[in-house]
Amino acid sequence: VKDKELIRGSWESLGKNKVPHGVIMFSRLFELDPALLNLFHYSTNCDSKQDCLSSPEFLDHVTKVMLVIDAAVSHLDDLHSLEDFLLNLGRKHQAVGVSTQSFTEVGESLLYMLQCSLGQAYTAPLRQAWLNMYSIVVAVMSRGWAK
Ligand code: HEM
């Protein structure tokens, strides 16, 4: 119950500025694992990582990611209602060549973004609350890899 309040409270401001926060998250992700950039076929069109991160296709994906997080935050009381959507989303990511191991780095990048954006408000309980929600989302998405 406390988890939900922490998540909702912190998302209130972040959620209003999805793209810049998503860019922080994905810049971090590509720092942790530069090879992930190659899974976006548009990446061949950019000369540098910075270039990629400002291209419309990447911003589009960043927006999609943030909208999924937004949906999870809005459905904290009934996350299972997102199951079919998330399972399908997992399947799509398997199809584009993402491996479930990458979700560890995605999680770290999410926390990194929260830390950068929230400053003092980024506390241990808040971090744990987000991790708990993230691990539920990832668990469902990962079922998309199971045969
Ligand atoms: C689609 C890559 C993580 C949400 C895609 C596509 C690629 C991709 C290549 C297809 C092209 C496109 O729509 O831009 C990745 C990589 C990730 C990652 C490399 C990190 C390892 C995530 C996460 C979420 C997400 C964490 C949300 C929780 C979406 C959505 C779509 C998408 C909503 C559109 C699916 C559709 O077409 O129905 N992703 N993704 N992605 N991704 Fe990701």
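The values are calculated or read from the model by the stated rules, or taken from the named source; none is laboratory data. Being a predicted model, the structure only gives us computed values, none of them experimental. Heads up, the Cβs are rebuilt from the backbone with ideal geometry, glycines too, and the neighbour counts pull from every protein chain shown. We work out accessible area using only protein heavy atoms, side chains counted, and drop any ligands, DNA or RNA first. Shrake-Rupley method; radii C 1.70, N 1.55, O 1.52, S 1.80 Å.
Numerical summary
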quantity: Cβ-Cβ FRET estimate between His75 and Arg143, R0 fixed at 25 Å, reported to 0.05; calculated: 0.90
quantity: Interatomic Cα distance distribution for region 2-142, bins of 10 angstrom, percent; calculated: 11, 43, 36, 9, 0
quantity: Cysteines not pairable in the chain (beta carbon separation under 4.7 Å absent); calculated: Cys116
quantity: Calculated SAXS-style log₁₀ I(q)/I(0) at q = 0.12, 0.22 Å⁻¹ - region 65-147, Debye, Cα scatterers; calculated: -0.36, -1.10
quantity: Computed FRET value (nearest 0.05) for Thr123 with Asp47, which takes r as the C-beta separation and R₀ as 30 Å; calculated: 0.15
quantity: Carbon + sulfur, % of accessible area of the chain - ligands and nucleic acids excluded, 1.4 Å; calculated: 55 percent
quantity: Near-label residues of region 1-30 by backbone N, under 19 Å of a point 7 Å along Cα→Cβ of Glu105; calculated: 22-30
